[in-house]
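Report on the following structure.
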Amino acid sequence: MSDSDVKLRLSKRTKTEKPKLYKVVLLNDDYTPREFVVLILKGEFRLDSAQADVVMLTAHQKGACVVSVYPKDVAETKATRAIDAAGRLGYPLQFSVEPE
């Protein structure tokens, strides 16, 4: 094998891009109980109690709060699961997924 063969092989390698990240945003509503919002944040998004309280209160006071950042498919799945869980109990809890 000559040096030119080795150089050709090395130049053909491509770098894989990191997946683009998306924010999951909790939207405030005046109907979903705070305790339930904290329960969803802890269960679906794996926040501890203190983090869940901060996110819930920030969304309540400012209208929205970023919960976490994930690759697109994970962000959409988590948001959908959280919305579906709230809907089963009749709560209008909403999350949005936005590019970072």
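Annotations for the structure displayed:
- Distance between modelled label sites at Asp48 and Phe36, nm, 7 Å Cα→Cβ extension: 2.8 nm
- Here the Kirkwood formula puts the hydrodynamic radius of the chain at 15.3 Å, using every distinct Cα pair.
- Per-residue ³J(HN,Hα) for region 59-74, Karplus 6.51 cos²θ - 1.76 cosθ + 1.60, θ = phi - 60°, Hz, x for Gly and Pro: 4, 5, 7, 9, x, 6, 7, 6, 8, 6, 10, 9, x, 3, 5, 5
- Electrostatic bookkeeping for Thr77 treats Lys and Arg as +1 and Asp and Glu as -1; over the other residues with beta carbon under 14 Å from its beta carbon, the sum is 0.
- Comparing Pro33, Val54, Ser96 along the charge dipole axis of the chain, the residue lying farthest to the positive side is Ser96, per the Cβ-charge model.
- Global form of region 14-64, assessed from the alpha-carbon gyration tensor, a/c cut-off 1.5: prolate
Every number in this text was worked out from the coordinates using simple rules, so none of it is lab data. Just so we're clear, the structure is a prediction, and the values are computed from it rather than from any experiment. Neighbour counts run over all protein chains shown; Cβ positions are idealised from the backbone, glycine included.
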